[in-house]
Amino acid sequence: MLYFLLLLLLIWLYTRFIKFLHQKKTEVQIERIEKEKTKELTQNRLNFFTFISHEFKTPLTLILASIEKLITEKGVEIKRIQNYPI
């Protein structure tokens, strides 16, 4: 009888240990997936802000170049230039 109880105890401990290992493995996988998603989200944000920055910068550069060209070609008066700082 004692051996039987000991055997049952060992079986129970073994199953608990297997469940514990499975739980830890699952937790590690979840953490890895969360890290990957966080990294992907950060990269998407960076790409978004880079794109937006480029979309603002390009037209502003074209406008600024046109204004500078007008100033140099037309010989705009100095007082008038001072009214429109670049």
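The values are calculated or read from the model by the stated rules, or taken from the named source; none is laboratory data. No experiment lies behind these values; they were computed from the predicted model shown.
Annotations
- Here residue 86 fulfils each of the conditions (1) modelled with pLDDT of 95 or more; (2) not in a helix (DSSP H, G or I); (3) not aromatic (Phe, Trp, Tyr) apart from (1).
- You will find that of 79, 39, the residue that is at pLDDT below 95 and part of a helix (DSSP H, G or I) is 79 and no other.
Condition check ((1) modelled with pLDDT of 95 or more; (2) of a type in the set (A, V, I, L, M); (3) assigned to a helix (DSSP H, G or I)) across all residues:
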| residue | (1), (2), (3) |
| --- | --- |
| 9 | yes, yes, yes |
| 12 | yes, no, yes |
| 18 | yes, yes, yes |
| 24 | yes, no, yes |
| 32 | yes, no, yes |
| 44 | yes, no, yes |
| 57 | no, no, yes |
| 62 | no, yes, yes |
